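Q: Before I ask anything, let me first share the structure, which is written out below as structure tokens.
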Amino acid sequence: MSNIIDIKDLSYVYLPGTPYEQQALKDINMVLNQGELLGLFGGNGSGKSTLAKLLNGLLYPSRGKVRVCGIDTSIKELRNELWKKVGLVFQYPEQQIFEANIYDEVAYGPRNLGLKEAEVKSRVYQALEKVGLLPETLVNLSPVKLSGGVRRRIAIAGVLALEPEILILDEPMAGLDPLGQELMLDIIKKRQEMGTQSTIIISHNLKDIIALADKIAILEKGSLLFYGEVAELLENIDILSRFHLELPDYLQVVYALKARGKRTNRDISNLDEAGLELIQIISSQKGN
Amino acid sequence: MSGRAENMIQLIDVSKEYKMADSCRVALQHINLTISEGEYIGILGLNQSGKSTLARLLNGLLKPTTGQVLINGMATDSPQEIRQIRQLLGMVFQNPDNQLICPVVEEEIAFGPENLGLPPEEVNKRVDWALELVGMQEMRYHAPHLLSGGQKQKVALASVLAMQPRYLVLDEPTSMLDPLSRREILEHLCRINQENHITIILISHHPEDLLDAKRLILLHEGSIYMQGTPKEVFKDMEKLKAIGLKRPGLYQLIQQVEEEGYRIDDNIKTIPQLVEMICRI
């Protein structure tokens, strides 16, 4: 099984048949291979979070089909099976922490799976390590005394301890300071390096997504504006013209040069190289 | 101290400590700072640097442990003057949901001016004015809680502007917003500062938010770590790195180009502007 996610002609309508009826998703088609990281990008109200809820069966499609790990998400009897495979971390997950100490918080999910306490313990420790926390020093602390960034990592550990095949993170960077954002990037990169697990990151920040993703989906008002590999996106001038201010800094330079019809001399893959390119352009213009 | 200083905010040797059951945390120490009316100030710092404490000291939500905070000469720890201080100085917070209370946008914006005891015609005028300033006229009769995050933040901004404050303090107002809404809010702040001469004090942990500021104040562990124009502050990469801050890519590029002997105009605020300027040299 290589297609871990298979979405066909998916549409979703909120409150159909009422004055508040709203089409949140329209005719979405998408396939994701096992081990890939998908970045789901769009503005407020584009349908990103609706799509996440459809992937783990919190919502059923109004039309079309969603298959995740081979399971049709609209079959109610299979939902328990589905939830073991798909871990969804909501926005600001630190707000939903409720246990009195960190160990019980992270152990909550595995215990509900009916695992033996020895297995629960090993999962808790592994999950805390995966989010860059030292389990031995932490497990007995109360989560309320920790900073928001650390609490968010604990909430994510709670989902990782379920060992899901697909991890969905809704705006994992939002509200973190630059240091916290970098830590979160590291956690996600490490998971990706394992190679077999899939991850979906929902974000309104294209910079984060480009730095991490294998594939990118851009949603706009419920429609899929773009779906493909990062390299394809960077070739697509039409799409980029609308989102160029959201690109990482070095790509903003590349795009701005392309848009002015300047040929760039070499592959620019970081900001230093972009700066050298600019210097070269100045000196060649002075020379003429 | 020499008399009452009108038209400015003064922090005189301000420290703030939070006392807990068995410990004490110093959030700000010995801050001396003067902000003149009409300035656009950016305040930058990571979590725990004291940014939000500073914001809450400015309108008297918090009182300094030692030192004095004066708004147009009025001390924030004086109960007689706090009402007038809060008319002069408006606050917008990170999460607009926390400050929106009325079922209709229009009522939300009228709430402040009505509480000032203004006649209905004047209230109406101010609602019109504030809605226009943030480009939300067509949402006048909508319900705030059904708006998008960016629209809500604009309503929160308008409801503070309707009080016609001289100073506007914004604590991470863009952190819940998508990039488009974020840019819109920042553009509105620029206009409000330039055309309506309202002082802007914008607090953020994202350097990119603060490029429009005329003066950037960098807080670290409760003290002022650096201060200057964005260009001056972002020039010193080593000093920024030492406290875990990255500078915006724009300023790395500017420095790289300037080290080759080319001068980049101070008005350049985005990478496309920089590239355009360079292509024209």
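The values are calculated or read from the model by the stated rules, or taken from the named source; none is laboratory data. Keep in mind that this is a model prediction, so the values were computed, not measured. FYI the Cβ positions are ideal-geometry reconstructions off the backbone, even for glycines, and counts take in every protein chain you see.
Q: Scan segment A:11-51 for residues that are in a helix (DSSP H, G or I), in contact with an Asp or Glu (Cβ under 9 Å, 6 or more places away or on another chain) and polar (S, T, N, Q) and jot them down.
A: The initial filter retains those residues of segment A:11-51 that are in a helix (DSSP H, G or I), namely A:48-51.
Add one more test, that the residue is in contact with an Asp or Glu (Cβ under 9 Å, 6 or more places away or on another chain), and what stays is A:48-49.
Within segment A:11-51, A:Ser49 is the sole residue that qualifies.
Q: Being in a helix (DSSP H, G or I), in contact (Cβ under 8 Å) with a residue 12 or more places away in the chain and under 22 Å from B:Asp178 (Cα atoms) is the requirement here; does A:Met184 meet it? Steps first, answer last, please.
A: Numbers: in a helix (DSSP H, G or I): yes; in contact (Cβ under 8 Å) with a residue 12 or more places away in the chain: yes; under 22 Å from B:Asp178 (Cα atoms): yes.
When the stated conditions are applied, A:Met184 passes them.
Q: Can you find a residue in segment A:230-253 that is within 17 Å of B:Ile281 (Cα to Cα), modelled with pLDDT under 85 and within 12 Å of chain B (Cβ to nearest Cβ)?
A: Taking segment A:230-253 first, the residues within 17 Å of B:Ile281 (Cα to Cα) are A:253.
Then drop every residue that is not modelled with pLDDT under 85, which leaves none.
Among the residues of segment A:230-253, not one is within 17 Å of B:Ile281 (Cα to Cα), modelled with pLDDT under 85 and within 12 Å of chain B (Cβ to nearest Cβ), which makes the answer no.
Q: Follow-up. Return yes when B:Ala130 is in contact with an Asp or Glu (Cβ under 9 Å, 6 or more places away or on another chain) and part of a helix (DSSP H, G or I) and no when it is not.
A: So B:Ala130 fails the test.
Q: Given the conditions (1) modelled with pLDDT under 90; (2) part of a loop (DSSP other than H, G, I, E, B); (3) more than 30 Å from A:Ile209 (Cα to Cα), which single one is not true for B:Thr174?
A: (3)
Q: Right, here's the next one. Being in contact with a His (Cβ under 7 Å, 6 or more places away or on another chain) and not polar (S, T, N, Q): is that true of B:Ile203 here?
A: Details: in contact with a His (Cβ under 7 Å, 6 or more places away or on another chain): no; not polar (S, T, N, Q): yes.
Criteria not met by B:Ile203.
Q: Which condition does A:Gln95 not pass, out of (1) within 14 Å of chain B (Cβ to nearest Cβ); (2) in a loop (DSSP other than H, G, I, E, B); (3) closer than 30 Å to A:Leu134 by Cβ, if it passes all the others?
A: A:Gln95 satisfies all of (1) within 14 Å of chain B (Cβ to nearest Cβ); (2) in a loop (DSSP other than H, G, I, E, B); (3) closer than 30 Å to A:Leu134 by Cβ except (2).
Q: I've got another one for you. Can you work out which of the residues in segment A:151-181 that are free of Cβ contacts under 8 Å to residues at least 40 places away in the same chain and more than 10 Å from chain B (Cβ to nearest Cβ) is surrounded by the fewest Cβ atoms within 10 Å (Cβ to Cβ)? Can you show your working first?
A: Initially, segment A:151-181 is screened for residues free of Cβ contacts under 8 Å to residues at least 40 places away in the same chain, giving A:153, A:173, A:176-181.
When the remaining residues are screened for being more than 10 Å from chain B (Cβ to nearest Cβ), the result is A:153, A:173.
On the way: A:Arg153: 26, A:Met173: 21.
Looking at the filtered set, the residue picked out is A:Met173.
Q: May I ask you to say which residue of B:Tyr251, B:Tyr225 is more than 14 Å from every other protein chain (Cβ to nearest Cβ), surrounded by 15 or more Cβ atoms within 10 Å (Cβ to Cβ), in contact (Cβ under 8 Å) with a residue 12 or more places away in the chain and within 23 Å of B:Glu39 (Cα to Cα)?
A: Details: B:Tyr251 fails: more than 14 Å from every other protein chain (Cβ to nearest Cβ).
The conditions single out B:Tyr225.
Q: Looking at (1) surrounded by fewer than 21 Cβ atoms within 10 Å (Cβ to Cβ); (2) away from chain A (no Cβ under 12 Å); (3) not hydrophobic (A, V, I, L, M, F, W, C), which one does B:Thr199 not meet, given that it meets all the others?
A: (1)
Q: Considering only segment B:18-37, I want to know if a residue exists there that is modelled with pLDDT of 90 or more and in a loop (DSSP other than H, G, I, E, B).
A: yes
Q: If only one of B:Ile192, B:Ile281, B:Ile243 is crowded, with 19+ Cβ neighbours inside 10 Å and aliphatic (A, V, I, L, M), which one is it? Show your work before the answer.
A: Values: B:Ile281 fails: crowded, with 19+ Cβ neighbours inside 10 Å; B:Ile243 fails: crowded, with 19+ Cβ neighbours inside 10 Å.
Just one listed residue meets the conditions, B:Ile192.
Q: Ok, one more. Tally up the residues in segment A:254-288 that are over 18 Å from B:Gln252 (Cα atoms) and facing another protein chain (nearest Cβ under 9 Å), please.
A: The initial filter retains those residues of segment A:254-288 that are over 18 Å from B:Gln252 (Cα atoms), namely A:258-267, A:283-288.
From the residues that got through so far, the ones that are facing another protein chain (nearest Cβ under 9 Å) too are A:259-260, A:262, A:283, A:285-286.
Counting residues in segment A:254-288 that are over 18 Å from B:Gln252 (Cα atoms) and facing another protein chain (nearest Cβ under 9 Å) gives 6.
Q: Any residue that is within 12 Å of chain A (Cβ to nearest Cβ), surrounded by 24 or more Cβ atoms within 10 Å (Cβ to Cβ) and among the hydrophobic types (A, V, I, L, M, F, W, C) - is there at least one of those in segment B:163-178?
A: There is at least one residue in segment B:163-178 that is within 12 Å of chain A (Cβ to nearest Cβ), surrounded by 24 or more Cβ atoms within 10 Å (Cβ to Cβ) and among the hydrophobic types (A, V, I, L, M, F, W, C).
Q: Quick check on segment B:130-149. Is at least one of its residues buried (at least 22 other Cβ atoms within 10 Å of the Cβ), within 14 Å of another protein chain (Cβ to nearest Cβ) and more than 28 Å from B:Ile85 (Cβ to Cβ)?
A: Pass one, segment B:130-149, residues buried (at least 22 other Cβ atoms within 10 Å of the Cβ): B:130-131, B:134, B:144.
Right, trim to within 14 Å of another protein chain (Cβ to nearest Cβ) and you get none.
Checking segment B:130-149: not a single residue is buried (at least 22 other Cβ atoms within 10 Å of the Cβ), within 14 Å of another protein chain (Cβ to nearest Cβ) and more than 28 Å from B:Ile85 (Cβ to Cβ).
Q: Can you give me the number of residues within segment A:156-170 that are of a type in the set (Asp, Glu), outside any strand (DSSP E or B) and either at pLDDT 95 or above or touching a strand residue (DSSP E or B) at 6+ places or on another chain (Cβ under 7 Å) (or both)?
A: So in segment A:156-170, the residues of a type in the set (Asp, Glu) come out as A:163, A:165, A:170.
Retained after the next criterion (residues that are outside any strand (DSSP E or B)): A:163, A:165.
Cutting the leftovers down to either at pLDDT 95 or above or touching a strand residue (DSSP E or B) at 6+ places or on another chain (Cβ under 7 Å) (or both) gives us A:165.
Qualifying residue count for the region: 1.
Q: Taking A:Leu25, is it at pLDDT 90 or above and touching a Lys or Arg at 6+ places or on another chain (Cβ under 8 Å)? Working first, answer last.
A: Details: at pLDDT 90 or above: yes; touching a Lys or Arg at 6+ places or on another chain (Cβ under 8 Å): no.
No; evaluated as a whole, the condition is false for this residue.
Q: Is it the case that some residue within segment A:194-217 is within 14 Å of chain B (Cβ to nearest Cβ) and more than 14 Å from the chain's Cα centre (by Cα)? Working first, answer last.
A: Quick first cut of segment A:194-217, residues within 14 Å of chain B (Cβ to nearest Cβ) only: A:202-211.
When the remaining residues are screened for being more than 14 Å from the chain's Cα centre (by Cα), the result is none.
Checking segment A:194-217: not a single residue is within 14 Å of chain B (Cβ to nearest Cβ) and more than 14 Å from the chain's Cα centre (by Cα).
Q: Further question: Could you grab me the full set of residues in segment B:107-116 that are charged (D, E, K, R) and surrounded by 20 or more Cβ atoms within 10 Å (Cβ to Cβ)?
A: Looking only at segment B:107-116, we keep the residues that are charged (D, E, K, R), and these are B:107-108, B:114.
The one that is charged (D, E, K, R) and surrounded by 20 or more Cβ atoms within 10 Å (Cβ to Cβ): B:Glu108.
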